[in-house]
Amino acid sequence: MTAPLLVLDRVRKVYTRGRIVRRPTFTLEADLSLAEPGIVGVVGPNGAGKTTLFEMMTGSNAPTSGRVLVGGTDIHAVKYRERDRLAIHYHQSYQVRRFRKRVPSVLLAPSPTATPLVHLFDEPQFNLQDGYIGFMLDFFRKLVSEGRLVILCMHPTASWHLDILAEIAGRFLFVAGGGVTPVADFRSLVAEPRFRLYLGPEMTQAADTIGHGAA
């Protein structure tokens, strides 16, 4: 049996503060499995932990507890320079964060794959020039046709952002309140009260219109 492309096995990340008494300042938990190739949309308020989630998925930010399995391999047990052969994080340069390497690379395993199984796009800057969005969406679909999992994080600030999510993503993850909630489709996402609150009245109206058209 083929292993799921991505599993977050009771993953928990806790940030703390304080020199003597360490107090939690942020907690994110996720327990989910994305078994098949496809395109998954990730949405949620700023500061909810979306980038932290991506960092854990791609092996740069170690979870406090739990495991991240890519194609059945614990990505945090793979040599640091080879982790992007399992899952690769495309992000803006200002989002790149560096983390201390806790285990010498020589003690870690090589990647079992040469090319990434999971491709994570963290708020890509879609250019409105002719053909660019279509090119990017075709690229995502090409990755899926090759058996890859595409995870697309977007912060919708215009109705056309919602159009992209409705068109391209077959399922969603909503990140908020310290957790990651799987959502089956765009209409179900629009019906989620926390997502509507996050969007605000004007964008919610646009999402309702798009969701009705996607029925």
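The values are calculated or read from the model by the stated rules, or taken from the named source; none is laboratory data. Just so we're clear, the structure is a prediction, and the values are computed from it rather than from any experiment. Reconstructed Cβ throughout: ideal geometry from the backbone, glycine too, with neighbour counts over all protein chains shown. For the accessible areas, the whole protein counts, side chains as well, though only heavy atoms, and no ligand, DNA or RNA atoms are used. Shrake-Rupley method; radii C 1.70, N 1.55, O 1.52, S 1.80 Å.
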ask   = Give me the pairs: first residue in region 147-165 and farther than 19 Å from residue 36 by Cα and in contact (Cβ under 8 Å) with a residue 60 or more places away in the chain, second residue in a loop (DSSP other than H, G, I, E, B) and among the acidic types (Asp, Glu), beta-carbon distance under 8 Å, and six or more apart or on different chains, which are they?
value = 154/123; 155/123
message = If I filter region 108-120 for residues that are farther than 30 Å from residue 145 by Cβ, at pLDDT 95 or above and either open to solvent by 80 Å² or more (accessible area, probe 1.4 Å) or aliphatic (A, V, I, L, M) (or both), do I get at least one hit?
response = yes
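Being modelled with pLDDT of 95 or more, among the hydrophobic types (A, V, I, L, M, F, W, C) and farther than 19 Å from residue 183 by Cβ is true for just one of 68, 40. Which residue is that?
Result of the check over 68, 40: 68.
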ask   = List, please: which pairs have Cβ atoms under 7 Å, are six or more places apart or on different chains, and start with a residue in region 34-61 that is closer than 16 Å to residue 6 by Cα and end with one that is aromatic (Phe, Trp, Tyr) and assigned to a helix (DSSP H, G or I)?
value = 39/140
key: Qualifying position, being over 18 Å from the mean Cα position of the chain (by Cα), hydrophobic (A, V, I, L, M, F, W, C) and open to solvent by less than 20 Å² (accessible area, probe 1.4 Å), among 103, 78, 70   = 78
query = Is it true that some residue in region 139-146 is within 21 Å of residue 59 (Cα to Cα) and either of a type in the set (Lys, Arg) or at pLDDT 95 or above (or both)?
reply = yes
